[in-house]
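K.L.:
Just dropping this structure here.
Just so it is clear, none of the values below were taken in a lab; they were calculated from the coordinates. Bear in mind that the values here come from a model prediction, so they are computed numbers and not experimental data. Here the Cβ is made from the backbone with ideal geometry for all residues, glycine too, and neighbour counts use every protein chain on show.
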Amino acid sequence: MNRYLLGTAVAALTLSAGGAFADKSDDTLRVAFTKELESVDSYYNSAREGVVLQRAIWDGLIYRDPVTNEYVGNLATSWEWIDDTTLELKLREGVSFHNGEPFNADDVVYTVNFVADEANGAVTQNNVNWMESAEKIDDYTVRIHTKAPYPAAIEYLSGPVSMYPNEYYAEVGPTGMGTAPIGTGPYKVVSVDPGKHFVLEANTEYHDGPKGQPEIGRIDIRTIPEVNTQLAELFNGTLDLIWQVPSDQAERIEQMGDFVVSNESTMRVGYLAMDAAGRSGADNPFTDLKVRQAVNHALDRETLVDALLKGKSTPIHTACFPSQFGCAQDVTEYEYDPEKAKALLAEAGYPDGFKTEFYAYRDREFAEAIASYLNAVGIETDFKMLQYSALRDLNMKGEVPISFQTWGSFSVNDASAMVSQFFKHGELDDARDDEVLADLDIADSSTDPAVRKEHYALALQRIADQAYWAPMFSYNTNYVFTDEVSYAPTADEVLRFHEMSWK
Amino acid sequence: MSAAMPRATATAAAPRDPLLEEITGPTPGQMLRRRIFGHQGFLIGTITLLVLLAIALVAPLIAPHDPYAQDLMSRMERPVFMGGDWDHVLGTDHLGRDYLSRLIYGARVSLLIGGVAALISGLIGTAMGVAAGYFGGRVDMVVTFLINVRLAMPVTLVALAVVAVLGGSLEVVIGVLGLLLWDRFAVVMRASTLQVRGREYVAAARAIGCSTPRILLTEILPNILNALIVVVTLEMAHAILLEAALSFLGLGVQPPTPSWGLMVSEGKNMMLFEPWLVLIPGAVLFVLVLAINLMGDGLRDVTAPENRS
């Protein structure tokens with residue numbers, strides 16, 4: 001028995017020691033993911049982890065500098081709108097994929113036509129369904145046709161739309177791409193253990209694009225769902241970088257002084273969605289404007305930000321993130337006033353409040369705090385915590401009276417990525433307001449920035465006046481890494497391995 | 001006690017009768033009392049449980065704060081013994097709610113769930129066990145089969161699945177645990193009934209024409225009661241722990257209801273930096289379950305037939 005125990009202890013020690021050697025000395029950066037990534041193929045997941053890998057393995061036609069927000073060419077060197085719905089791009093020459101396949105117009109045409117076809121089932125249709133098709137002009141010139149005038153095209157081409165090798169993708173499809181991804185990006189994939197372990201290696205033949213050359217030789221990513229385990233591994237030296245660290249823990253690590261803690265804002269906005277259209281029952285209290293206003297007045301956004309979210313979070317009053325194009329900020333704001341909330345509830349015919357189901361899918365702590373604010377004005381909550389997909393299904397069926405939701409806009413810096421996603425009478429639209437729809441239709445398809453701004457503002461004002469949502473706060477994320485790592489996180493919640501180096 | 005009274009009077013009336021002198025000495029009641037007060041475990045367990053029960057009953061009177069009152073500006077303040085202030089003796093939780101008040105109200109949840117779940121499963125299990133033991137034959141076969149079916153199901157897994165489908169709430173948790181934990185009642189009650197059904201007094205009752213329900217209620221049940229009480233305490237502790245486990249997994253009692261399992265779960269994230277958030281509710285849970293188990297063990301020792309002679 002004793003010998004057995006000793007053996008196990010020694011084995012454990014050897015294992016952990018073996019892990020601890022990997023760091024600057026062998027040019028391997030060890031990173032943790034919190035969630036299991038469903039597929040590495042970037043069109044077939046909607047996870048933040050997927051975005052991180054996408055930016056490392058693949059390139060887009062265009063690149064948006066995360067600091068200056070300027071668009072520069074990546075796989076395309078120049079582009080030009082030929083008419084309202086046709087974008088012509090000149091491609092970079094001499095680029096090749098990780099498997100040696102040269103990059104040219106055929107790859108662009110294949111990728112665009114594949115993902116734009118709804119039958120192929122790209123997970124986030126909003127990212128790709130604005131494209132009609134692509135057309136080859138010559139080996140290094142392509143045209144992308146949009147379904148309607150789509151001014152945000154450049155933003156999407158520099159974000160979620162990345163270029164795949166046509167021959168390889170035609171052969172292996174999304175499944176093969178998910179297990180053995182091939183791209184043009186600064187990092188090549190060495191191995192994928194789906195959902196658990198990803199090893200990347202610097203692409204030594206990376207083209208001279210705006211991302212710059214990768215400096216760290218090897219990236220070793222493991223999925224570790226439990227934050228405490230991640231921290232323990234960080235302290236032990238078996239991890240070099242963790243991210244999405246909750247503020248409370250990040251604060252304590254910063255006090256310890258042994259690690260670099262960097263806080264950055266993200267585009268993710270937390271809000272309460274209310275069933276104003278009465279989909280969960282016509283007598284649902286949230287169909288009453290006064291009730292929705294009461295909910296808005298019941299929330300102390302400032303305190304939520306100061307005490308819970310901390311960092312670079314800010315209170316939010318609009319149905320979009322302030323930096324997004326068209327996200328007007330001069331809309332009706334509802335200040336924290338529980339007495340007014342109670343009065344509004346009484347006016348609406350609920351002097352003693354009412355009972356409702358309250359759904360949430362993440363950040364249980366925030367959800368509890370929010371529910372507690374609602375309880376304080378008399379809205380009794382039946383708290384239900386579900387998985388994201390389960391809540392989304394329930395929402396699509398119209399069975400959710402009020403829920404705590406968040407949306408990260410896929411880091412797309414345009415209001416269409418948020419407000420148009422939820423207020424155009426889609427399955428997730430709880431408001432179904434025709435006025436909002438009309439304004440959004442104009443704003444989404446106009447090529448005149450002034451017109452777009454004006455109509456987004458009108459839509460956002462109407463949403464705020466009608467209190468369809470209770471927008472609350474923006475998120476921030478904490479990056480914690482050892483002092484051997486040099487990295488300046490950006491405000492879009494994307495880890496960029498190619499911008500990291502050893503000190 | 002009442003049976004002892006005339007005997008004592010008789011002894012006093014005729015002290016020299018040698019036959020009667022033999023049975024002087026402690027009465028059964030006195031012997032029981034002596035066994036109770038001589039059994040430390042039983043005493044400690046019972047007193048602790050009674051104290052916790054009293055705390056749960058008068059929670060609104062003794063809780064220093066409203067257990068639901070959130071104050072985000074004073075989150076995770078440390079308890080007094082770790083340098084906190086006396087306003088929040090045991091500190092505050094991740095939403096700035098008073099920890100002591102939540103613990104006190106949490107006692108209600110734990111004891112309510114333990115008590116009611118044990119009651120429900122006790123009724124089901126006892127009815128099945130007694131029926132199987134008394135009637136035997138086909139009834140016994142059916143009940144034994146049901147017990148086997150029930151034993152083949154992992155309780156935690158089934159509870160998790162049911163709660164996941166129905167949604168977690170106090171009522172659902174009590175219901176699920178009550179309907180799942182009857183197996184031990186059934187097994188023990190069946191065995192105990194088998195032991196007493198052949199006794200003379202049962203045969204006598206049958207001979208003078210007592211109805212079956214009457215025999216079950218007045219002859220069988222009182223004689224298997226001590227075994228029943230022991231199982232009740234065990235299952236109560238079991239139910240309390242299961243509730244804590246379900247709540248820890250986010251499938252039990254839903255926030256903001258204070259539950260000790262939920263408190264452990266909510267404190268878990270800060271475990272590395274503020275271990276007391278987990279240790280305090282954990283310790284209280286440990287004490288409660290230990291008290292109930294001590295009391296159950298004690299009851300068995302105190303009332304076991306071999307100790308009566």
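K.L.:
Using the Cα centre of chain A as the reference point, and only Cβ charges (+1 on K/R, -1 on D/E), how large is the resulting charge dipole? Debye, rounded to the nearest 20.
P.N.:
Charge dipole, chain A, about its Cα centre: 1040 debye, nearest 20.
K.L.:
Just going by the charge dipole of chain A, with Lys and Arg at +1 and Asp and Glu at -1 on Cβ, which of A:Thr34, A:Thr266, A:Tyr334 is farthest out on the positive end?
P.N.:
A:Thr34
K.L.:
Right, another one. Choose one of A:Ile57, A:Gln213, A:Val485: the residue whose Cα lies farthest towards the positive end of the charge dipole of chain A (beta-carbon charges +1 Lys, Arg; -1 Asp, Glu; about the Cα centre).
P.N.:
Among A:Ile57, A:Gln213, A:Val485, the one farthest towards the positive end of the dipole of chain A is A:Val485.
K.L.:
List the Cys residues of the protein assembly as shown that have no partner Cys with a C-beta closer than 4.7 Å.
P.N.:
So far as the 4.7 Å Cβ criterion goes, B:Cys210 stand without a partner in the protein assembly as shown.
K.L.:
A follow-up question, please. What does the charge count near A:Tyr71 come to, summing +1 for each Lys or Arg and -1 for each Asp or Glu among other residues with Cβ under 9 Å from its Cβ?
P.N.:
Around A:Tyr71, the surrounding residues sum to -2.
K.L.:
When a/c is below 1.5 the answer is rounded, else prolate if a/b is larger than b/c, else oblate, so apply that to the stretch B:74-307 with a ≥ b ≥ c taken from the square roots of the Cα gyration tensor eigenvalues.
P.N.:
Prolate, because a/c is 1.5 or more and a/b exceeds b/c.
K.L.:
Over the stretch A:37-181, what is the relative contact order in percent, taking alpha-carbon pairs closer than 8 angstrom and at least six residues apart?
P.N.:
For the stretch A:37-181, the relative contact order is 29 percent.
K.L.:
Spelling out what I want: for every residue of the stretch B:267-282, take phi, set θ = phi - 60°, compute 6.51 cos²θ - 1.76 cosθ + 1.60 (Karplus), and round to whole Hz; glycine and proline get x.
P.N.:
These are the phi-based 3J(HN,Hα) values: x, 4, 4, 9, 3, 5, 9, 10, x, 4, 4, 8, 5, 5, x, x Hz.
K.L.:
Report the charge-dipole magnitude of the stretch B:74-307 in Debye, nearest 20, computed about the Cα centre from +1 at each Lys and Arg Cβ and -1 at each Asp and Glu Cβ.
P.N.:
So the dipole magnitude of the stretch B:74-307 works out to roughly 720 debye.
K.L.:
Ok, one more. Can you find, among B:Gly91, B:Gly133, B:Leu151, the residue sitting farthest towards the positive end of the charge dipole of the stretch B:74-307, where Lys and Arg contribute +1 and Asp and Glu -1 at Cβ?
P.N.:
B:Gly133
K.L.:
Name the shape class, rounded, prolate or oblate, that the alpha-carbon gyration tensor gives for the stretch A:37-181, where a ≥ b ≥ c are the square roots of its eigenvalues, rounded holds for a/c under 1.5, and otherwise prolate holds if a/b is larger than b/c and oblate otherwise.
P.N.:
Judged from the Cα gyration tensor, the stretch A:37-181 comes out rounded (a/c under 1.5).
K.L.:
Moving on to the next point. Show which aspartates and glutamates lie in cross-link reach of A:Lys503 when reach means a straight Cα distance below 20 angstrom and same-chain residues fewer than eight apart are skipped.
P.N.:
Cross-link targets: A:Asp23, A:Asp26, A:Asp27, A:Glu201, A:Glu215, A:Asp220, A:Asp240, A:Glu254, A:Asp258, A:Asp483, A:Glu484.
K.L.:
Is the stretch B:56-133 rounded, prolate or oblate when judged by the Cα gyration tensor, a ≥ b ≥ c being the square roots of its eigenvalues, rounded requiring a/c under 1.5 and prolate requiring a/b larger than b/c?
P.N.:
prolate
K.L.:
May I ask you to list the lysines whose Cα is less than 26 Å away from that of A:Lys384, ignoring any residue fewer than eight positions away on the same chain?
P.N.:
Counting by Cα, and skipping residues close in sequence, A:Lys384 has these lysines nearby: A:Lys35, A:Lys290, A:Lys310, A:Lys342, A:Lys355, A:Lys397, B:Lys268.
K.L.:
Assigning unit charges at the beta carbon (Lys, Arg +1; Asp, Glu -1) and nothing else, what dipole magnitude in debye, to the nearest 20, does the stretch B:67-200 show about its Cα centre?
P.N.:
620
K.L.:
Right, next: May I ask you to derive the relative contact order of the stretch A:322-421, considering only C-alpha pairs under 8 Å and at least 6 residues apart, and to give it as an integer percent?
P.N.:
34
K.L.:
Something else now. Which net charge results when you count Lys and Arg as +1 and Asp and Glu as -1 among the other residues whose beta-carbon is under 9 Å from that of A:His498?
P.N.:
Once all neighbours under 9 Å are counted, the net charge is +1.
K.L.:
Tell me, what is the FRET efficiency for B:Ala203 and B:Leu43 to the nearest 0.05, using R0 = 41 angstrom and their Cβ-Cβ distance as r?
P.N.:
0.55
K.L.:
Considering the stretch B:97-230, what Rg and Dmax in Å follow from its alpha-carbon atoms?
P.N.:
18.4, 65
K.L.:
Please report the relative contact order for the stretch A:178-314, taking Cα pairs under 8 Å with a sequence separation of at least 6, and give it as a percent rounded to a whole number.
P.N.:
13
K.L.:
Moving on. Where the centre of each part is set by its Cα atoms, how far does the stretch A:72-117 sit from the stretch A:25-48, in angstrom?
P.N.:
The stretch A:72-117 and the stretch A:25-48 have Cα centres separated by 25 Å.
K.L.:
Based on alpha-carbon centroids, what's the gap between the stretch A:449-465 and the stretch A:366-430 in Å, whole number please?
P.N.:
22
K.L.:
Let me ask another. So if each residue of separation counts as 0.36 nm, and I subtract the Cα-Cα distance between A:Glu380 and A:Lys312, what length gain in nm does that give?
P.N.:
Result for the pair: 21.4 nm of gain on full extension.
K.L.:
So, in Å, what gap is there between the alpha-carbon centers of the stretch B:212-227 and the stretch A:240-257?
P.N.:
If you average the Cα positions of each part, the centres end up 63 Å apart.
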